[in-house]
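The values are calculated or read from the model by the stated rules, or taken from the named source; none is laboratory data. These numbers were taken from a predicted model, which means no experiment stands behind them. Counting neighbours? That spans all protein chains shown, and the Cβs are built from the backbone with ideal geometry, glycine included. Surface accessibility is based on the protein's heavy atoms, side chains included, excluding ligands, DNA and RNA. Shrake-Rupley method; radii C 1.70, N 1.55, O 1.52, S 1.80 Å.
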Amino acid sequence: PMECYVTMLKTASRMGYPEVVRRMWELMKTSNISLSVKGYTVLMASLTRAGDWKGSVEAFKHMRARDVTPDAIAYTALLHALRRGKRFQMALEVISAMKEAKMDLSPRTQAVVIDLFLDQGNWRGAVAHVDEVVRDKGRGAILPHTYGALIRALGGRLKIDVAESVFHEAPQHHPEVVTSMLHAYKTAEAAEKALELLNRIEAEDP
């Protein structure tokens, strides 16, 4: 029954039936249905996708009340919900709790964390987080897409020196990273630097 419930949640969410997802959640709250951590994560993601970020946060609390220990994926689902609800301070508290618990955050989770910083205009926090992750786990712990998003955000604020610093930490030959750096140079009207970057990459390309 539990696996069937989770499958139904996934199906309703993917087919775009938010009311079905909400009704299943209401049914769960008034019954003795208990899910695994994976099941709760599916529930939280489904509720967030259905536009009910508060329900997702409530589901996380329900999971804890049932003595189900959340893993990094469940916490990531919670971060997605808090981002949707623009509850940035709560999200930062969750991130701190994850760090204290020494959770192994996947590159996708790191992307959510960076997005949260950027959503609130805190580029310094985003850069500091990237520096910390790269220092502790290497540049591979951050997705090229995430590097690119941060570089573009910095370019939009004309923080070219900082954008270049992030670029040097990133996989510099990845197309998305290069494109983002060129976009930052264009925003800053730094055509010479853009040309210099293109020439260097062309020279280094085997």
- Conditions (1) polar (S, T, N, Q); (2) more than 15 Å from Glu169 (Cβ to Cβ); (3) open to solvent by less than 60 Å² (accessible area, probe 1.4 Å) -> Gln89 fails only (3)
- Message: Condition check: of a type in the set (Asp, Glu) and over 17 Å from Val21 (Cα atoms). Does Asp52 satisfy that?
- Response: no
- Subset tally (residues that are touching a helix residue (DSSP H, G or I) at 6+ places or on another chain (Cβ under 7 Å) and open to solvent by 20 Å² or more (accessible area, probe 1.4 Å)) for segment 95-104: 2
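Here is a list: Gly138, Gly121, Gly148. Which entry is open to solvent by less than 40 Å² (accessible area, probe 1.4 Å) and touching a residue at least 24 places away in the same chain (Cβ under 8 Å)?
Working: Gly138 fails: touching a residue at least 24 places away in the same chain (Cβ under 8 Å); Gly121 fails: touching a residue at least 24 places away in the same chain (Cβ under 8 Å).
The match here is Gly148.
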- Pairs under 9 Å by beta carbon, first residue touching a residue at least 60 places away in the same chain (Cβ under 8 Å) in segment 1-18, partner among the hydroxyl-bearing types (Ser, Thr, Tyr) and open to solvent by 50 Å² or more (accessible area, probe 1.4 Å), six or more apart or different chains? none
- May I ask you to list the residues in segment 1-21 that are under 19 Å from Ser34 (Cα atoms) and aromatic (Phe, Trp, Tyr)? Tyr5
- Message: So if I check each of Tyr185, Tyr147, which one is touching a Leu at 6+ places or on another chain (Cβ under 8 Å), at negative phi and among the aromatic types (Phe, Trp, Tyr)?
- Response: Tyr185
- Query: Got a number for residues in segment 74-86 being open to solvent by less than 50 Å² (accessible area, probe 1.4 Å) and assigned to a helix (DSSP H, G or I)?
  - Reply: 8
- Query: Restricting attention to segment 1-34, which residues are surrounded by 14 or more Cβ atoms within 10 Å (Cβ to Cβ) and at positive phi?
  - Reply: none
- So how many residues does segment 173-206 have that are open to solvent by 80 Å² or more (accessible area, probe 1.4 Å) and among the hydrophobic types (A, V, I, L, M, F, W, C)? 3
- Item | Subset tally (residues that are among the polar types (S, T, N, Q), touching a helix residue (DSSP H, G or I) at 6+ places or on another chain (Cβ under 8 Å) and not in a helix (DSSP H, G or I)) for segment 22-61 | 2
- List every residue pair whose Cβ atoms lie under 9 Å apart, where the two residues are 6 or more positions apart in sequence or sit on different chains, the first residue falls within segment 96-107 and is under 18 Å from Ala141 (Cα atoms) and free of Cβ contacts under 8 Å to residues at least 40 places away in the same chain, and the second residue, located anywhere, is of a type in the set (Lys, Arg) and surrounded by 14 or more Cβ atoms within 10 Å (Cβ to Cβ). Asp104/Lys137; Leu105/Lys137
